[in-house]
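I have placed the structure first, in the form of structure tokens, so that the comments after it can refer back to it.
The values are calculated or read from the model by the stated rules, or taken from the named source; none is laboratory data. No experiment lies behind these values; they were computed from the predicted model shown. Note that each Cβ is placed from the backbone with ideal geometry, even for glycine, and that neighbours are counted across all protein chains shown.
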Ligand code: C5P
């Protein structure tokens, strides 16, 4: 995780496509992207082959499978995922402390070396949800920032490496969780891009300023008419 040399290395591009051929086309079109996110759609479609493809090209990998299950099951999934040696792996904080602990231990056990490379990070609250949905759909009686912070602290207390949060919560999480807690922020939108279903977004510059370590950006790049220009423009705007 510490081989970032340029600002481009801190941008994780979401490979949200449904086939290996579409994924390959994007990876080859964007050689300057060093960090790719493989999410549910692509992993369910292609399986571990996509991990091999990215490794052959010496890319870093965020395997965003968002595990959410009982302790025994998430532990099994993390033990199995450890062999992929990806950089980042996700689990929902809402699994609870026992499951988070079991997942973290299993990831360490499953690693090929005693210095595991994979960092397990927790989803605090999906960035497509807003405070209204938190209150009325999920019936959570906390303000959204307070809830996101609580979920991040749960992850920190159980020994996870970091959390996924909206850039809008990054500043508060950075202050409360400390500098060594990794903050990965999706919900990032340059001024010139469409918001889509992201409800708590910020510009890339504002997200880094708020304390994000890595930004996850998908559609503003991948759905653009010119993904190369969109990625370059984001890097340029970040200076
Ligand atoms: O296209 P867009 O930039 O909205 O993509 C954001 C990516 O980050 C998606 O792959 C989405 O699954 C992921 N993500 C998110 N919110 C979270 C966790 C992950 O949007 N809390």
On the basis of being on the phi < 0 side of the Ramachandran plot and not in a loop (DSSP other than H, G, I, E, B), does residue 173 make the cut?
yes
Among the residues that make up region 187-206, is at least one of them out of contact with any helix residue (DSSP H, G or I) (no Cβ under 6 Å at 6 or more places or on another chain), closer than 30 Å to residue 106 by Cβ and modelled with pLDDT of 95 or more?
no
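Yes/no matrix, rows are residues, columns are (1) in contact (Cβ under 8 Å) with a residue 60 or more places away in the chain; (2) touching a strand residue (DSSP E or B) at 6+ places or on another chain (Cβ under 7 Å); (3) closer than 17 Å to residue 187 by Cα; (4) surrounded by fewer than 18 Cβ atoms within 10 Å (Cβ to Cβ):
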| position | (1), (2), (3), (4) |
| --- | --- |
| 17 | yes, no, no, no |
| 24 | no, no, no, yes |
| 28 | no, no, no, yes |
| 33 | yes, yes, no, no |
For region 157-170, give me each residue that is in contact with a helix residue (DSSP H, G or I) (Cβ under 8 Å, 6 or more places away or on another chain) and surrounded by 17 or more Cβ atoms within 10 Å (Cβ to Cβ).
158, 160, 162, 163, 165, 166, 167, 168, 169, 170
If you go through region 185-205 one residue at a time, how many are farther than 21 Å from residue 121 by Cβ and more than 11 Å from the ligand (Cβ to nearest atom)?
4
Flag for residue 61 being crowded, with 18+ Cβ neighbours inside 10 Å, touching a helix residue (DSSP H, G or I) at 6+ places or on another chain (Cβ under 8 Å) and more than 24 Å from residue 183 (Cα to Cα):
no
Qualifying position, being surrounded by fewer than 16 Cβ atoms within 10 Å (Cβ to Cβ), over 16 Å from the mean Cα position of the chain (by Cα) and within 16 Å of the ligand (Cβ to nearest atom), among 142, 149, 138, 154
138
Could you say which residue among 48, 71 is in contact with a helix residue (DSSP H, G or I) (Cβ under 9 Å, 6 or more places away or on another chain) and either surrounded by fewer than 18 Cβ atoms within 10 Å (Cβ to Cβ) or touching a residue at least 24 places away in the same chain (Cβ under 8 Å) (or both)?
71
Among the residues of region 109-135, write down those that are away from the ligand (no atom under 16 Å from the Cβ) and within 13 Å of the chain's Cα centre (by Cα).
118
I'd like to know if region 13-30 contains one or more residues that are within 22 Å of residue 123 (Cβ to Cβ) and in a helix (DSSP H, G or I).
no
For region 209-230, state whether one or more residues are surrounded by fewer than 22 Cβ atoms within 10 Å (Cβ to Cβ), more than 10 Å from the ligand (Cβ to nearest atom) and under 16 Å from the mean Cα position of the chain (by Cα).
yes
Restricting region 35-45 to residues that are in contact with a helix residue (DSSP H, G or I) (Cβ under 9 Å, 6 or more places away or on another chain) and buried (at least 20 other Cβ atoms within 10 Å of the Cβ), the one nearest to residue 99 (Cα to Cα) turns out to be 38
Being assigned to a helix (DSSP H, G or I), closer than 25 Å to residue 67 by Cβ, modelled with pLDDT of 95 or more and in contact with a strand residue (DSSP E or B) (Cβ under 7 Å, 6 or more places away or on another chain), is that true of even one residue in region 45-53?
yes
Answer yes if at least one residue in region 101-112 is within 18 Å of residue 162 (Cα to Cα), out of contact with any helix residue (DSSP H, G or I) (no Cβ under 7 Å at 6 or more places or on another chain), assigned to a strand (DSSP E or B) and at pLDDT 95 or above, and no otherwise.
no
